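Laboratory data are not the source of any read-out in this text; all were calculated from the coordinates shown. Remember, it's a predicted structure, so these values are computed and weren't measured experimentally. Cβ coordinates were reconstructed from backbone atoms using ideal geometry, including for glycine residues, and neighbour counts include every protein chain displayed.
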Amino acid sequence: MPAPAPSETEVIGYLKTLSNWGRWGAEDELGTLNLITPAKRLAAARLVRDGVPVTCARPIVTDITADTTFQVMRFTVDSGEGRDTASPERLLARRGAGEFIGMVFHGYTVTHVDTPAHFFWDGKIYNGRSCNLITAREGATVEAVELLHDGVVSRGVLLDVARTRGVSWFERGEGVMPEDLEAAERASGVRVEPGDILLVRTGNYARRLAQGPVHPMQAGSPGPHAALAPWLRERGVAMWGSDTHNDVAPTPYPGIGHPFHIVALVGLGLWLIDNMNLEDLARACAERGRWEFLLTIAPLRLRNVTGSPVNPIALF
């Protein structure tokens, strides 16, 4: 029998009862990424057997779709058009092509990392810092994505909760609960351990590919339920990613709004990966009967920014 979902008061209480503030010192900005040790990385590297890489990112496109928050802009600033018949002088003057790319990656379509500075609660971000440290002029002066300039490398674990349930995808408005994770562990014969990067497939991206995009805040979306927070802290998950925007919509807690984001980022200091493509990875895992792999994440080295587009690569 599934455990009842926690009340809104209990979820707000997680910000204290599960807090990692001060756990790695008053100056810490990395949060749960501290759980990825050199020994953990070495153990993850030993998982590589086939030398086969698999992307976990969605393509970044300029299309305007139902789930587009801000259109990605791509302007070609120099092209190859007409260069095959240009004069010798013009050919010598310019021989290449280039683009301008602009985007708001936070939202529902771009695969991206959220840093702990992305969300606030009661005027605070992770480790008790003031949200006023995220300014319009300077940006994120603390807990910015540039902290990951050396990348994130660890053991990745895929828990395919949709496959475990025998469904193509979770329904909109349905939350992933602790019992879903534990059932997927049993089915795949893998156990989530401290320092792991946990990826959870609900089938949400498969549904988007099959049926087309919808706006998650209007049509609803599956996602991790805030009830997962005690489980994630107990297991020592270093980073979480899913094929959703990482909150159930409509929210089960109107007084919190984005409960998973807030408890994870603010309370736990747990970095998130939103809007992943886990379809290719799920097939690769199923083919091998292996649900663990080396996972590498290399965000752009953006100064004073609360996240980054990212292309996580699983290596088997």
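List of remarks:
- Of Thr68, Thr244, Thr32, the one that fluctuates the most in a GNM where the chain has Cα springs shorter than 10 Å: Thr68
- Share of pairwise Cα separations in segment 115-216, more than 17 Å, in percent: 67 percent
- With each label modelled as a point 7 angstrom along the Cα→C-beta vector, the Ala5-Glu99 pair spans 3.9 nm.
- Highest-MSF residue in the chain out of Asp196, Asp67, Asp280 [GNM, Cα springs under 10 Å]: Asp280
- For the pair Glu179 and Glu287, a Förster radius of 22 Å applied to the C-beta separation gives a FRET efficiency near 0.25, rounded to the nearest 0.05.
- Whole-number D in µm²/s for segment 1-78 (Stokes-Einstein; Kirkwood sum over Cα pairs; 25 °C, 0.890 mPa s): 131 µm²/s
- Rg in Å to one decimal, and Dmax rounded to a whole Å, for the chain via C-alpha atoms: 20.5, 77
- Whole-percent P(r), segment 237-316, all Cα pairs, 10 Å bins from 0: 15, 41, 31, 12, 1.
- The ranking of Phe105, Phe119 from fewest to most other beta carbons within 10 Å of each one's beta carbon is Phe119, Phe105.
- Computed 3J(HN,Hα) for segment 286-297, one whole-Hz value per residue from the Karplus formula 6.51 cos²θ - 1.76 cosθ + 1.60 where θ = phi - 60°, is 5, 4, 8, x, 10, 10, 10, 6, 6, 10, 10, 10, glycine and proline marked x.
- Stretchable slack from Thr85 to Ala136, in nm (0.36 nm times residue separation minus alpha-carbon distance): 13.6 nm
- Length gained when the stretch Thr76-Leu209 is fully extended (0.36 nm per residue, less Cα-Cα span): 45.1 nm
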